[in-house]
Amino acid sequence: MEPESTDPQLETVSLSADPLSNKFGSLNDLAHELASLQDLANRGGWRSILDKVAQARSLSQLSTPHDHLTYLAYNVLALTKLRRYKDALAELDTVYDFDSHHYLYETYPKIYPNRSGSMVPFSLRWLHALIPFKLGNRQEGLDRFYLLLDFVRGKLKEKQSYDVSIKIWKKREVFVMNNMITEHLKNKEYSICLDLIKDLVSCGNLDPVLLSKLGFIQMQIGDLEGAKGSFDLVERLLKELKAGDSDQLLNEVEFRNLVNRNKAMVYLVGKDYVSAVREYEECIERDPMDAVAINNKALCLMYLRDLSDSIKVLENSLERVPTVALNETLVVNLCSMYELAYVNHSDIKRTLSSWISRVAPDDFDSSCTRI
């Protein structure tokens, strides 16, 4: 019921393997007009990104090797978002070996004095693993994700606990693991998922998101007590959270909402939809842009046969925060509710589809309205 998301925006911190962001005054100090690319990505302007990259290349505005790699990363991500997977693969193939000396800072001492390490954006490595799945090559994608996990863990072994980038690499470890688990879950390979998470936990990485996913998987295999234990651990981690703790991968609001959603999941299993709604309402009150809580609150109201309020929850979220709430899962559920509630649901869905076409990001799949 709870939608998963494994398609992050291109993260600023991934522009080099060893980010030193404190040495730069702005994003544009990292790469040519990077701030405008990042803004377009945040707004889902993927076609505009393709245009900007093409223009920068044609006008020879990319003057350094890492400029070229950064723009390549945005171009591949935009093509992937627009479901142009073969074109994305062709772009990726222009980087023949991520570990080549051509992509090391120390190869160009005059351009990058006193810098070393790889300039390949982490996002390119992630896309290299992701795109085979999009082209139907599941095993190749899995192999690449396992190699990427090894790469990340190798970087973590190199770092010292006081290294400024260790938090970034821990975040990437969890991110890659989430991608792998999501793919295994699609094939109901629960035992593999459990092994992956327990392996991470045994290394001392008590990531609350993965622990919550562990609880979800335990529910899938009927281990309700085990799931409650995993969720309880997440709640204990929240209680131990110190104010202003910068080592956490979630901020306090995200952490508290995760705990509420875990509690709601337990209520859902027991078909206690009223209590689940209460938990989701706490999330929405704390963060009006919590799309998972919004979506699941609406579903719970539908299960309670309150279809009118269920529709209002989704419609209000679209009006209030369209850039966050506008995702295919939510729109599919809203359209299903229209079909249940109204005889003239086709007209209502056409109105919704027309509005979506005006406000949706470039990669939104408009077919989810089922008109």
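The values are calculated or read from the model by the stated rules, or taken from the named source; none is laboratory data. In this text, all values refer to a predicted model and were calculated from it rather than measured experimentally. Cβ atoms come from the backbone with ideal geometry, glycine included; neighbour counts cover every protein chain shown. These area figures cover heavy atoms from the full protein model, side chains too; ligands, DNA and RNA do not enter into them. Shrake-Rupley method; radii C 1.70, N 1.55, O 1.52, S 1.80 Å.
Our helix-only sum for the chain, with -39,500 (n - 2.57) per DSSP H run of n ≥ 4 divided by its residues, gives a mean residue ellipticity at 222 nm of -20500 deg cm²/dmol. With the highest mean first, a sort of the peptides 56-68, 73-85, 280-292, 130-142 on other beta-carbon atoms found within 10 angstrom per residue produces 73-85, 280-292, 130-142, 56-68. Mean-square fluctuations from a GNM of the chain, with a 10 angstrom spring cutoff on Cα atoms, peak among Lys157, Lys167, Lys213 at Lys157. As a calculated quantity, the FRET efficiency between Trp355 and Asp309 at R0 = 22 Å, using C-beta atoms, amounts to about 0.55. Close lysine pairs were tallied over region 93-228: pairs 8 or more places apart or on different chains with Cα atoms under 22 Å apart number 27. Simple point charges give the picture: +1 on the Cβ of Lys and Arg, -1 on the Cβ of Asp and Glu, and for region 106-197 a dipole about the Cα centre of about 320 debye. Once the Cβ-Cβ distance of Leu206 and Arg370 is raised to the sixth power relative to R0 = 41 Å, the FRET efficiency obtained is 0.50.
Charged neighbours of Arg350, selected by a Cβ distance under 14 Å, balance to +1 (K, R count +1; D, E count -1). Just one of (i) 22.5; (ii) 25.4; (iii) 24.2 is Kirkwood radius over Cα pairs in Å as worked out from the coordinates here. Which one is it? From the options (i) 22.5; (ii) 25.4; (iii) 24.2, the structure gives (i).
Compared with the alpha-carbon gap, the fully stretched path from Met289 to Lys186 is longer by 34.4 nm at 0.36 nm per residue. Rolling a 1.4 Å probe over the protein heavy atoms gives the chain an accessible area of 50 Å² per residue.
The modelled label-to-label distance between Ala341 and Glu328, using points 7 Å beyond Cα along the C-beta direction, is 2.4 nm. In a DSSP loop and with at most 11 other Cβ atoms within 10 Å, the chymotrypsin sites (Phe, Trp or Tyr not before Pro) in region 88-121 are Tyr96.
Could you work out which residue, out of Ser212, Ser36, Ser123, moves most in a Gaussian network model of the chain, that is, has the largest mean-square fluctuation with Cα springs under 10 Å? Result: Ser36 has the largest fluctuation of those listed.
If R0 is 45 Å, the Cβ-Cβ spacing of Phe98 and Val321 corresponds to a FRET efficiency of close to 0.75. Give me the log10 of I(q) over I(0) for region 85-152 at q = 0.14, 0.23 Å⁻¹, as the Debye formula computes it from C-alpha points; what are the numbers? Those come out to -0.49, -1.00, one per q.
Computed from backbone phi with θ = phi - 60° and the Karplus coefficients 6.51, -1.76 and 1.60, the 3J(HN,Hα) list for region 131-137 is 4, x, 4, 5, 9, x, 9 Hz; x is used for glycine and proline.
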